[in-house]
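**Q** Got a structure here, written out as structure tokens. Questions coming.
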Amino acid sequence: MSVAGARLELDSLTKSYGAVPALRGVSLSVAGGELVAVVGPSGCGKSTLLSLVAGLEAPTAGVIRIDGRVVNELSPRERDVAMVFQSYALYPHMTVRKNLAFPLDVAGVPRREIGSRVEEVAALLGLAPLLDRRPAALSGGERQRVALGRALVRRPKVFLLDEPLSNLDAALRLGVRAELKKLHERLRATFVYVTHDQAEAMTLADRIAVLRDGALEQVGTPREIYGEPATAFVARFVGTPPVNLVAPEVLGLPPGSADAALRPEDLRVALGEAGTGLGARVWLVEPMGSETWVTVERAGARLVARCDAGFDAPPGAPVRLAFDPERPCWFDRETGRRRPPPRSPG
Amino acid sequence: MSPRAAWTVAVPYLAFFLLPLGWLALTSLWPDAELARALPSHLTLENHAAALAGGGLARAVVNSLLVSGATAALALALAAPAAFAIARLGVRGGRALLAAALAVSMFPPIATAAPLYVALRAARLLDTLPGLVLPYASFSLPLALWLLTGTFRALPAELYRAARVDGCTPLGAFRRVLLPVAAPGIATAGLLVFVFAWNELLYAVTFLTSPARRTVPVALALFGGEFRDPIVVLAAASTLATIPVVAVAVLFQRRVVSGLTAGAVKG
């Protein structure tokens, strides 16, 4: 089974509810077959974005194109996009088979073809044994697969996924996340994947679009977003534990109008008072198994470092900090925009 | 609450509602000649046979079933799409419409009986069953509209959105997804409208003149005029007339209960 992924273009898309802007001039281009994750905190407009693309709501301004065709005025049915909802939104009065068949049934596909396509999708997602059950008799993971199947069965031009993993428990989420990635590799369909979970976006997406207060902060590959964040907001949003965003003095650098952002893996912590580096004290030690997160206090600020699994020290223990001076990213304290590093004295 | 405590609450509560009915049923089984005694020496079905004699009561039950069924069907057919539009389509003035419906339902029926009489006469619907169904349906419409708006609001919004993305028109999503999912709430509204129509006396006695078109409340109200000392027979007639509506309620009970509780929890 394969789906021809369509190109999706959003041009200056704006949506307001009364005087409240939900999206403010979002321009985004998704190539055919690409998986773009739209991330941001709740209320940033990412679900509104999906509703606009699906045709469930009309934009206040801006243009939506699918394969070059303007679809603003088209109904959801004419746009040929499928959507997986956060709550799955399975039809409770229908069996799994009927749920999967529903979009084809509505479209008037001949009965025999509906049967074969439902079987095909059921086989792909391992739903064959569940076809005659009702959604109420399914586990969370199974419901999620049915929701996915109901989208897949249509072979739509664009798939829209609205937080599809957020209702699964943590253990299941990793498995389904991996399945989704393999599925996308196999289908090469166009996916727009909305999530508030930056780890999901990092692992799944070809590119990530970071949305904040209805406007795009940055669009880039996961590596770009992580390594070259355009704003302090993006730097803080991705990465676990979060980036250390501090005044330069905390890192022993000359003061200025920009803050420095240093990833926890770029900060080295050595026990003991003696030696080179910046003096600090241990505040919290969190063993993660494969590594240990160490929070230290220095100059009234807290910094997190990812250390070896064997690191151990009581709170208050003196440590020395070191880092490569090339590593921090610099952000203007007023605008939050990325800046070139200040010239080091001498 | 322990089972014992539950029973101490439930028994008086049930007794309050069931004792009058039980007394009615017992009276209907009481031999006519023994009315003066504290308790009957035996029970009899003669009164029921007497109540059914002549076919007037059976006729009234059939009329009432027709009128109440048609009223419920008409009220639901009008209220369900309207409630869906108010709850899901963001219709302008939806709240005002609900408020207006509530206000209209506050009219005392007696105030409208005379104008309705004139209107029905003009429409040549006096003394016909459809002539009852129309005012009944319009009077029960506010109740149905309120109940069903609540029902549709309680359904997850994503269900409607999913149906739309899956290719349904708004009306298609209503018909194929929301209506079946809302079935418990619709059954509840339908049952309440049915019972309202079943019990209505004022319009029925005003608009119907032919004995053959009487509904159950009219037939029972006029029973006394036709029988000698009919207390036990009247009790038998009342008991018999209650059976169909109880049967309808029991038939819908499971759906109604789940409808009431679904609304209560998600409300």
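The values are calculated or read from the model by the stated rules, or taken from the named source; none is laboratory data. Predicted, not measured: the structure shown is a model, and the values here were computed from it. Cβ placement follows ideal geometry from the backbone for every residue including glycine, while neighbour counts extend to all protein chains displayed. Surface areas here come from the heavy atoms of the whole protein model, side chains and all, with no ligands, DNA or RNA. Shrake-Rupley method; radii C 1.70, N 1.55, O 1.52, S 1.80 Å.
**Q** Modelled label-to-label distance, A:ALA137 and B:ARG121, 7 Å Cα→beta-carbon offset: nm?
**A** It is 6.2 nm.
**Q** Next question, about the same structure. Jot down the radius of gyration and Dmax of the protein assembly as shown, Cα atoms only, both in angstrom.
**A** When restricted to the Cα atoms of the protein assembly as shown, Rg and Dmax are 35.2, 124 Å.
**Q** Give a quick list of trypsin sites (Lys or Arg not before Pro) in region B:127-236 that DSSP marks as loop, anything other than H, G, I, E or B, with at most 16 other Cβ atoms within 10 Å. Present the calculation step by step, with values, prior to reporting the outcome.
**A** Working: sites: B:ARG153, B:ARG161, B:ARG164, B:ARG175, B:ARG176, B:ARG213, B:ARG214, B:ARG228; in loops: B:ARG214, B:ARG228.
Taking region B:127-236 and a limit of 16 other Cβ atoms within 10 Å, the loop trypsin sites (Lys or Arg not before Pro) found are B:ARG228.
**Q** Next up: How many Cβ atoms of partner chains, on average, are near each residue of B:152-162 if near means within 10 Å of its Cβ? All intermediate terms of the calculation are to be shown ahead of the outcome.
**A** Details: counts 0, 0, 0, 1, 5, 3, 8, 6, 2, 10, 17.
Across the residues of B:152-162, the mean count of other-chain Cβ atoms within 10 Å is 5.
**Q** Please compute the length gained on full extension between A:SER27 and A:MET288, using 0.36 nm multiplied by the number of residues separating them and subtracting their Cα-Cα distance.
**A** Between A:SER27 and A:MET288, full extension yields an extra 90.0 nm.
**Q** Starting with the highest mean, order B:100-113, B:8-21, A:109-122 by the number of other Cβ atoms within 10 Å, averaged over the residues of each peptide.
**A** A:109-122, B:100-113, B:8-21
**Q** Using only the alpha carbons, work out the radius of gyration and Dmax of region B:57-141 in angstrom.
**A** Radius of gyration, then largest Cα-Cα span, for region B:57-141: 15.3, 48 Å.
**Q** Carbon and sulfur together cover what percent of the accessible area of chain A at a 1.4 Å probe radius? Present the calculation step by step, with values, prior to reporting the outcome.
**A** Working: 7860 of 15570 Å².
Here carbon and sulfur together make up 51 percent of the probe-accessible area.
**Q** Any chance you could get the radius of gyration and Dmax over the Cα atoms of region B:75-222, in Å?
**A** Rg then Dmax for region B:75-222, in Å: 18.0, 58.
**Q** Just give the residues from region A:105-124 buried by at least 30 square angstrom of accessible area in the all-chains context relative to the isolated chain, probe 1.4 Å, and say none if nothing qualifies.
**A** Those residues are A:VAL106.
**Q** Report, for chain A, the % of DSSP beta bridges that are antiparallel, rounded to 5.
**A** On the way: 51 of 69 bridges.
If we restrict to bridges inside chain A, about 75 percent are antiparallel.
**Q** Ok, one more. Please give the calculated 222 nm ellipticity per residue for chain B, where each DSSP H segment of at least 4 residues contributes -39500 (n - 2.57) and the sum is spread over every residue; nearest 500 deg cm²/dmol? Let's see the in-between values first.
**A** Numbers: 12 runs with 195 residues, N = 267.
The helix contribution divided over chain B gives -24500 deg cm²/dmol.
**Q** For chain A, find the longest principal axis of its Cα atoms and tell me its angle to the long axis of helix A:170-187, 0 to 90°, nearest 10.
**A** 60
**Q** Can I ask one more? How many square angstrom of accessible surface are buried between B and A, both sides summed, with a 1.4 Å probe and rounding to 100?
**A** Working: alone 15190 and 16360 Å², together 29850 Å².
Interface area, both chains combined: 1700 Å², rounded to the nearest 100.
**Q** Which of the peptides A:273-283, A:140-150 is most tightly packed, and how do the rest follow, judged by the mean count of other Cβ atoms within 10 Å per residue?
**A** Working: A:273-283: 13.8, A:140-150: 22.6.
So the peptides A:273-283, A:140-150, ranked by packing, come out A:140-150, A:273-283.
**Q** Taking 2.2 N^0.38 Å as the expected size of a compact globular protein, what ratio does the Cα radius of gyration of chain B give against it, to two decimals?
**A** Values: Rg = 22.2 Å, N = 267, 2.2 N^0.38 = 18.4 Å.
Expressed relative to 2.2 N^0.38 Å, the Cα Rg reads 1.21.
**Q** When Cβ neighbours within 10 Å are restricted to other protein chains, what is their mean count per residue of peptide A:44-57?
**A** Details: counts 0, 0, 0, 0, 0, 0, 2, 2, 0, 0, 4, 2, 5, 1.
Rounded to a whole number, the mean comes out at 1.
**Q** Hand me the trypsin sites (Lys or Arg not before Pro) from region B:1-82 located in a DSSP loop with no more than 14 other Cβ atoms within 10 Å, in residue order please. Walk me through the intermediate numbers first.
**A** Details: sites: B:ARG4, B:ARG37, B:ARG59; in loops: B:ARG37.
Passing both the DSSP loop test and the Cβ count: B:ARG37.
**Q** Placing unit charges on C-beta atoms (Lys and Arg positive, Asp and Glu negative, everything else neutral), compute the dipole magnitude of region B:56-261 about its Cα centre in debye, rounded to 20.
**A** Using Cβ point charges on Lys, Arg, Asp and Glu, region B:56-261 gives about 580 debye.
**Q** By a straight-distance test (C-alpha under 17 Å), which aspartates and glutamates pair with A:LYS46 as possible cross-link partners, with residues fewer than eight away in the same chain excluded?
**A** Within the straight-line cut-off, A:LYS46 pairs with A:GLU9, A:ASP11, A:GLU57, A:ASP162, A:GLU163, A:ASP197, A:GLU200, A:ASP213, A:GLU217, B:GLU158.
**Q** Running a GNM on chain A with Cα contacts under 10 Å, which residue among A:ALA19, A:ALA258, A:ALA301 ends up with the highest mean-square fluctuation?
**A** It is A:ALA19.
**Q** Right, another one. Normalise the Cα radius of gyration of chain A by 2.2 N^0.38 Å (N = residues in it) and let me know the number.
**A** Working: Rg = 24.0 Å, N = 346, 2.2 N^0.38 = 20.3 Å.
In units of the globular-protein estimate, chain A measures up at 1.18.
**Q** Beyond 22 Å between alpha-carbons counts as too far, so tell me which of A:LYS157/A:LYS181; A:LYS157/A:LYS182; A:LYS98/A:LYS181 fall in that bin.
**A** Working: A:LYS157/A:LYS181 18 Å; A:LYS157/A:LYS182 19 Å; A:LYS98/A:LYS181 26 Å.
Result: A:LYS98/A:LYS181 exceed 22 Å.
**Q** Follow-up. Normalised radius of gyration for region B:1-44, please: alpha carbon Rg relative to 2.2 N^0.38 Å, two decimal places. The partial results should precede the final answer.
**A** Working: Rg = 15.3 Å, N = 44, 2.2 N^0.38 = 9.3 Å.
Dividing the Cα radius of gyration by 2.2 N^0.38 Å gives 1.65.
**Q** If one takes the longest principal axis of the Cα atoms in chain A, at what angle in degrees, from 0 to 90 and to the nearest 10, does the Cα axis of helix A:140-152 lie?
**A** With rounding to tens, the tilt is 60 degrees.
**Q** For the protein assembly as shown, what is the percent of antiparallel DSSP beta bridges, rounded to the nearest 5? Walk me through the numbers on the way to the answer.
**A** Working: 51 of 69 bridges.
Among the beta bridges of the protein assembly as shown, antiparallel pairing accounts for roughly 75 percent.
**Q** Note down, for region A:25-166, the three equivalent ellipsoid semi-axes (square root of 5 times each alpha carbon gyration tensor eigenvalue), biggest first, whole angstrom. Let's see the in-between values first.
**A** Numbers: eigenvalues 155, 65, 32 Å².
Semi-axes from the Cα gyration tensor: 28, 18, 13 Å.
**Q** With each pseudo-label sitting 7 Å past Cα toward Cβ, what's the B:LEU66-A:GLU228 distance in nm, one decimal?
**A** Between B:LEU66 and A:GLU228, the simple spin-label model gives 8.3 nm.
**Q** Where in chain B are the DSSP H helices whose alpha-carbon span along the long axis reaches 30 Å or more and whose Kyte-Doolittle mean is at least -0.5? Walk me through the numbers before you get to the answer.
**A** Details: long enough: B:3-28 (34 Å, 1.18); B:56-88 (47 Å, 1.48); B:130-154 (35 Å, 1.06); B:231-266 (47 Å, 1.58).
Once both thresholds are applied, what remains is B:3-28, B:56-88, B:130-154, B:231-266.
**Q** Rounded to whole Å, give me the distance from the Cα center of region B:51-72 to that of region A:168-198.
**A** Taking the Cα centre of region A:168-198 as reference, the centre of region B:51-72 is 62 Å away.
**Q** With everything on Cα atoms, drop me the angle between helix A:111-125 and the longest principal axis of chain A, reported from 0 to 90° to the nearest 10.
**A** For helix A:111-125, the angle is close to 20 degrees.
**Q** With unit charges on the beta carbons (Lys and Arg positive, Asp and Glu negative) and the dipole taken about the Cα centre of chain B, which residue among B:ALA85, B:ALA197, B:LEU134 sits farthest to the positive side?
**A** Projecting each Cα onto the dipole axis, the largest value belongs to B:ALA85.
**Q** Quick one: with all protein chains in place, what share of the accessible area of region B:1-44 is carbon or sulfur, to the nearest percent (1.4 Å probe)? All intermediate terms of the calculation are to be shown ahead of the outcome.
**A** Values: 2670 of 3480 Å².
So the carbon and sulfur contribution to the accessible surface is 77 percent.
**Q** Also: Using +1 at the Cβ of each Lys and Arg and -1 at the Cβ of each Asp and Glu in region B:56-261, identify which of B:ALA103, B:LEU125, B:PRO230 lies farthest towards the dipole's positive end.
**A** B:ALA103
**Q** OK, next. With every protein chain kept in place and ligands, DNA and RNA left out, what is the accessible area per residue of the protein assembly as shown? Probe 1.4 Å, answer in Å². Intermediate results must be reported in sequence, preceding the final value.
**A** Numbers: 29850 Å² over 613 residues.
Heavy-atom accessible area per residue stands at 49 Å².
**Q** Would you calculate the separation in nanometres between label points at B:ARG95 and A:GLU334, each defined as 7 Å from the Cα along the Cα-to-beta-carbon direction?
**A** 4.4
**Q** Assigning unit charges at the beta carbon (Lys, Arg +1; Asp, Glu -1) and nothing else, what dipole magnitude in debye, to the nearest 20, does the protein assembly as shown show about its Cα centre? Don't skip to the end; give the middle numbers.
**A** Values: 63 positive and 49 negative charges, 228 e Å.
Dipole of the protein assembly as shown, to the nearest 20 debye: 1100 debye.
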